[in-house]
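Right, one structure below, let's go through it.
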Amino acid sequence: MIEVRRIDPESWRSWRALRLRALEESPWAFGSTLEEVLARDTETRWRESLAPPMTSFLVVVDGEALGMGRIMLPSAPEEPAELISVWVAPAARGRGAGRALVTAAVDHLAAHRPGLPLRLAVREDNAPARALYSGCGFRPLGPSAEDPTEILMEHAAPRPRDIRPGTAANR
């Protein structure tokens, strides 16, 4: 069973454990390194990383937290929101966990900020992630100005759809 849970700063220990695991197992997938994150490894820092303007999600598969992702709201009204820190453990890949996470993020944004585009950056050579994002409605925009190994993708202005009560997007 796959469940996507929206979390808050009280869940910092779960987020920390998964984030450190992600940085250890997939260091190439993130803009920060395990060493950089451990250098600022305090409860306050972890709590702040889960506070607004972030909306953070954990993916729980068969009772175990095996995926994560966050939406960062823009600081200026003309900017899109960003989907960041996305990672799914190898044991949960290919089982729908990534799709559940991305769908929950898109649905949450549509429910709370309808019409706001959602953007992400993904390594150009990460074909499975690119296929996941394409399958969830993201379209390539072109190379990232910040990192030539990444491309930008955008889900143009997600709209509210039939969101069932109790789903992560509705919390």
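The values are calculated or read from the model by the stated rules, or taken from the named source; none is laboratory data. Note that the coordinates shown come from a computational prediction; the quantities given were computed from them, not determined experimentally. Virtual Cβ from ideal backbone geometry, glycine too; neighbours counted across all protein chains shown.
Please tell me if Val60 is among the hydrophobic types (A, V, I, L, M, F, W, C) and under 9 Å from the mean Cα position of the chain (by Cα).
no
Would you check if Val60 is surrounded by 20 or more Cβ atoms within 10 Å (Cβ to Cβ) and modelled with pLDDT of 95 or more?
Criteria not met by Val60.
How many of the residues in the stretch 69-104 are in contact with a Cys (Cβ under 8 Å, 6 or more places away or on another chain) and either of a type in the set (Lys, Arg) or more than 19 Å from Met54 (Cα to Cα) (or both)?
Matching residues across the stretch 69-104 total 1.
Quick one: in the stretch 84-105, of everything that is among the hydrophobic types (A, V, I, L, M, F, W, C) and surrounded by fewer than 19 Cβ atoms within 10 Å (Cβ to Cβ), which residue is nearest to Arg16 (Cα to Cα)?
Among those residues, the one meeting the criterion is Ile84.
Please determine whether any residue of the stretch 114-131 is out of contact with any strand residue (DSSP E or B) (no Cβ under 7 Å at 6 or more places or on another chain), over 19 Å from Trp87 (Cβ atoms) and either at pLDDT 95 or above or not in a helix (DSSP H, G or I) (or both).
The answer is yes; a qualifying residue exists.
Go through (1) modelled with pLDDT of 90 or more; (2) not in a strand (DSSP E or B) and name the single condition Asp162 misses.
All conditions are met except number (1).
Filter the stretch 1-31 down to the residues that are loosely packed, with under 13 Cβ neighbours inside 10 Å and assigned to a loop (DSSP other than H, G, I, E, B) and list them by number.
Met1, Gly31
Can you find, within the stretch 82-103, the residue that is nearest to the chain's Cα centre (by Cα) among those that are farther than 16 Å from Cys136 by Cα and outside any helix (DSSP H, G or I)?
Ser85
Only residues that are surrounded by fewer than 17 Cβ atoms within 10 Å (Cβ to Cβ) and either in a loop (DSSP other than H, G, I, E, B) or under 16 Å from the mean Cα position of the chain (by Cα) (or both): list them for the stretch 32-53, please.
Selection gives Ser32, Thr33, Arg40, Asp41, Thr42, Ala51, Pro52, Pro53.
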